[in-house]
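The values are calculated or read from the model by the stated rules, or taken from the named source; none is laboratory data. Bear in mind the structure is a predicted one, so any value in this text is a computation, not a measurement. Methodologically, a virtual Cβ is constructed for each residue, glycine included, from the backbone with ideal geometry; neighbour enumeration extends over all protein chains shown.
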Amino acid sequence: MSGRDLLGIAQTGTGKTAAFMLPSIDRLVASGKTAQSTRCRMLVLAPTRELANQIADSAKLYARGSRLHVVTVFGGTSIYRNRQDMARGADILVATPGRLVDLVEQRAISLDAVEVLVLDEADQMLDLGFIHALKWVVARLPAVRQTLFFSATMPPAIRSLAAQYLKNPAQVSVAPSSTTVERVEQSVTFVDQKEKGFLLALYLQRQPIERALVFSRTKHGADKIVRQLSASGIQSSAIHGNKSQPQRERALADFKSGRTKVLIATDIAARGIDVTGVSHVVNYDLPNVFEQYVHRIGRTARAGATGIAFSMCAGDERAYIKGIEKLTRQSIQAVPLPADFATEASRMRSLRPAAEPAERERGARPAQRHTRGGPRRDVEPRREHQPRRDGERHGARQGTSRPAHAGNGARPAYAGNGARPAHANGARPQGHGRPQGEGRPQGEGRPQGQGRPHGQGRPQGDGRPQGAGRPQGASRPQGQGHPGGNRPAGNGGPRGPQRSNRGGGRPSGQRTSY
């Protein structure tokens with residue numbers, strides 16, 4: 001209360017929130033100042049969303065009756081809402097480092113008026129990789145401030161960090177009369193990794209459980225445990241970083257209210273989550289950081305009560321048990337598998353786990369089906385591949401063949417010098433026809449089997465001699481060409497070199513109607 005920096009070392013469940021919040025609220029009220037727009041007077045940094053939300057709820061409770069404004073900002077919520085909340089300023093701001101950095105960069109929050117800085121669960125911030133964001137934030141705070149530094153453990157890295165941020169701090173170490181480890185009944189069963197799900201289901205079915213908190217090392221593993229328990233008829237929910245904020249809040253609220261008795265969690269819920277009445281803590285996966293074991297089982301045996309901690313140890317996790325026993329200076333009792341475990345595991349193995357749709361986990365909308373009759377308009381029918389001429393864009397002539405001419409379907413003879421002579425059977429000589437695939441529609445032209453071999457059409461550029469076409473002004477009689485006298489749009493390839501009008505040939509730029 002005198003404004004001196006403080007270094008607090010305390011285990012979970014010892015009342016750290018009230019220890020730093022009540023004196024700070026008293027100082028803020030006594031000063032008589034008001035928060036300015038986008039600024040805060042007290043900044044509390046927490047490593048997880050759940051812990052930040054819990055600290056904010058406690059601050060609102062302690063500040064009831066005063067005019068102090070409490071704001072919470074963390075990831076998974078609307079950043080626009082956070083900007084609105086900070087527009088009028090805040091007396092107490094509780095934040096996670098990542099979202100705070102985003103808002104400061106957007107100039108929605110200014111840190112130049114902070115009077116009190118609180119770092120809660122500093123060792124977990126270091127474990128979760130928030131050290132760079134933490135240094136970034138502290139560098140933008142006023143030099144004259146009070147800093148309160150709390151941590152459950154004090155490894156060398158945390159002690160070095162505290163030395164940078166604290167000035168002549170008072171050090172307080174709090175340990176209850178009987179530590180959490182001493183008040184928790186601990187046991188371990190050695191089992192294969194692939195059979196842990198069966199053992200967990202048997203354990204939850206045969207134990208008098210009020211609330212059970214099951215810890216998984218990975219997010220995917222937590223979802224898998226939920227499906228395995230659902231197949232055995234045990235209702236549970238999962239909470240981890242891949243869940244949206246509403247999903248996490250709903251799962252935690254159901255667990256606190258007792259609607260869900262089993263909560264599967266990763267280590268984000270191992271610190272600072274105050275859930276009363278947790279009778280059992282199950283370590284489905286043993287932590288490779290031994291200090292996390294103490295924080296996990298600390299979710300039970302709170303406020304002087306007793307609890308039960310059960311661990312399942314696979315073959316590759318035996319070294320973790322030894323490390324945990326060395327840290328806690330206690331031996332963990334080994335319990336054998338149930339006598340009927342093989343029979344029950346075989347029965348459960350025949351049960352198919354209830355699949356949980358990935359879209360529901362991500363909050364995505366289910367795929368909409370096409371229910372109206374008739375073909376879908378947004379799907380274009382697939383066209384057959386047709387060969388194309390050199391230099392022609394693919395698909396330019398698809399489905400638009402040249403219509404048949406009057407008579408026997410052959411091209412009529414041309415008048416004038418150098419015109420193509422008509423043949424007796426109406427066909428062209430070999431090598432002087434259209435390229436394959438660009439002829440008449442099926443059934444209206446040359447009988448099947450009497451066409452030219454592939455690749456023996458007219459060579460490129462071997463057209464009529466210059467000036468040897470139809471005399472100028474002479475046109476084909478009506479009805480012998482294309483409808484309307486013009487070739488349908490899109491039925492021609494790239495136009496070749498322009499011919500001159502010398503010798504009575506085709507005028508420059510004029511298309512001939514075949």
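Miscellaneous remarks
- Residue check for Gly65: assigned to a loop (DSSP other than H, G, I, E, B) and within 22 Å of the chain's Cα centre (by Cα): no
- Residue match in segment 269-292 (condition: part of a helix (DSSP H, G or I), more than 17 Å from Leu200 (Cα to Cα) and β-branched (Val, Ile, Thr)): no
- Subset tally (residues that are at pLDDT below 90 and either polar (S, T, N, Q) or outside any helix (DSSP H, G or I) (or both)) for segment 328-367: 16
- Hits in segment 165-193 - residues which are modelled with pLDDT under 90 and in a helix (DSSP H, G or I): Tyr165
One line per residue, one yes/no per condition, for (1) hydroxyl-bearing (Ser, Thr, Tyr); (2) farther than 19 Å from Leu128 by Cβ; (3) not assigned by TED's automatic domain parsing to the domain that holds Gly298:
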site	(1), (2), (3)
Thr17	yes, yes, yes
Leu45	no, no, yes
Asp57	no, yes, yes
Ile79	no, yes, yes
Asp85	no, yes, yes
Arg88	no, yes, yes
Ala95	no, no, yes
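- Identity of the residue in segment 1-27, modelled with pLDDT under 90 and part of a helix (DSSP H, G or I), that ends up surrounded by the fewest Cβ atoms within 10 Å (Cβ to Cβ): Ala18
- Cβ-Cβ under 7 Å pairs, at least 6 apart or on other chains, segment 313-325 side assigned by TED's automatic domain parsing to the domain that holds Phe215, far side small (Gly, Ala, Ser) and surrounded by fewer than 16 Cβ atoms within 10 Å (Cβ to Cβ): Glu325/Ser331
- Residues that are surrounded by fewer than 18 Cβ atoms within 10 Å (Cβ to Cβ) and among the basic types (Lys, Arg) within segment 184-196 comprise just one, Lys194.
- The residue that is surrounded by the most Cβ atoms within 10 Å (Cβ to Cβ), among those in segment 306-355 that are within 17 Å of Lys196 (Cα to Cα) and among the polar types (S, T, N, Q), is Ser311.
- Note on segment 28-57: residues that are crowded, with 17+ Cβ neighbours inside 10 Å and part of a helix (DSSP H, G or I) total 9.
- For segment 250-276, residues that are modelled with pLDDT of 85 or more, in contact with a helix residue (DSSP H, G or I) (Cβ under 9 Å, 6 or more places away or on another chain) and either surrounded by fewer than 17 Cβ atoms within 10 Å (Cβ to Cβ) or hydrophobic (A, V, I, L, M, F, W, C) (or both) total 6.
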